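Contents: one structure, followed by commentary.
What follows draws every value from the coordinates through simple rules; no lab data is involved. Every value quoted in this text rests on a predicted model; they were computed, and no experiment measured them. FYI the Cβ positions are ideal-geometry reconstructions off the backbone, even for glycines, and counts take in every protein chain you see.
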Amino acid sequence: MSLSLSNVTLTYPDGDADRVTAVDDLSLAVRPGQVIALTGPSGCGKSSALAVAGTLIRPDSGDVEIDGVDVGELASRDAARIRRDKIGFVFQNDNLLPDLSVLEQLLLTAHLRGERPARHRDEAMGLLADVGLSGSEHKLPHQLSGGMRQRVNIARALMGPRRVLLIDEPTSALDQARGRAIVDLIVRLSKVRDLAALLVTHDLQSLDGGVDGVVHMLDGRLVDEDPAA
């Protein structure tokens, strides 16, 4: 498994003495080349589960394994390296830097890994072609539509030796047709690149049967039926 969560529980402080449970004994595994959608109503714990899977938050208990490594046993610096090198994040907001071109957004990831960006130009150009943005590499974010910015977001998440792709509500700012196109793109590239992808969404219509599985959350736990149905 490229991504495995086993009996993960995460709580947050709630007042002076109490704690609220955001993720409750969650077990979930995603194989390479597989795209699993995690759905549920607002506040059910989807984004918290994604943050734990991405090593952004350390859970109270349970195990998180990324590409064969138990990240719960790692020091903070080593966990950050796994996060930087192995995990691609597609956030709800594209978080593009306004003064960088489309190509520079992608090459920045190589710089953050301590590598020479120029050596990764071909990789970046290939990814832009994969997401349908050939010819847009010199444009700035304000020159792009919402769908195009999200495609840059996806391409940036795929730069480097990724093994896991974590996606948080990628269709929230898009209409239904563009949202479905974005999910289809995520599914296709995840399979081509043999990535384990976990997609958090409340937009079941955008899935359109393209993912490998749909799991539902309610009050921090997995449930058998869609809680929004």
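The table below lists the values:
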{"item": "Unique residue being more than 30 Å from A37 (Cβ to Cβ) and touching a residue at least 40 places away in the same chain (Cβ under 8 Å) when the list is L144, L100, L106", "result": "L100"}
{"item": "For A51: the one exception among (1) closer than 15 Å to V164 by Cβ; (2) in contact with a helix residue (DSSP H, G or I) (Cβ under 9 Å, 6 or more places away or on another chain); (3) surrounded by fewer than 22 Cβ atoms within 10 Å (Cβ to Cβ)", "result": "(2)"}
{"item": "Test: D63 is under 30 Å from V215 (Cβ atoms), touching a strand residue (DSSP E or B) at 6+ places or on another chain (Cβ under 7 Å) and surrounded by fewer than 13 Cβ atoms within 10 Å (Cβ to Cβ)", "result": "no"}
{"item": "Residue in the range 147-156 that is of a type in the set (K, R), surrounded by fewer than 18 Cβ atoms within 10 Å (Cβ to Cβ) and either in a loop (DSSP other than H, G, I, E, B) or touching a Pro at 6+ places or on another chain (Cβ under 7 Å) (or both) present", "result": "no"}
{"item": "Sole residue being surrounded by fewer than 16 Cβ atoms within 10 Å (Cβ to Cβ), part of a loop (DSSP other than H, G, I, E, B) and either among the polar types (S, T, N, Q) or over 13 Å from the mean Cα position of the chain (by Cα) (or both), chosen from G135, G126, G160", "result": "G135"}
{"item": "Evaluation of L222 against (1) among the hydrophobic types (A, V, I, L, M, F, W, C); (2) in a strand (DSSP E or B); (3) under 12 Å from V90 (Cβ atoms) (one fails), failing number", "result": "(3)"}
{"item": "Wholly enclosed strands (runs of 3 or more DSSP E) of the range 1-119 bearing at least 1 residues among the charged types (D, E, K, R)", "result": "3-14, 18-30, 61-66"}
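Yes/no matrix, rows are residues, columns are (1) under 17 Å from G220 (Cα atoms); (2) of a type outside the set (D, E, K, R); (3) without any contact (Cβ under 8 Å) to a residue 12 or more places away in the chain:
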residue	(1), (2), (3)
D16	no, no, yes
T39	yes, yes, no
S61	yes, yes, no
E65	no, no, no
Q92	no, yes, no
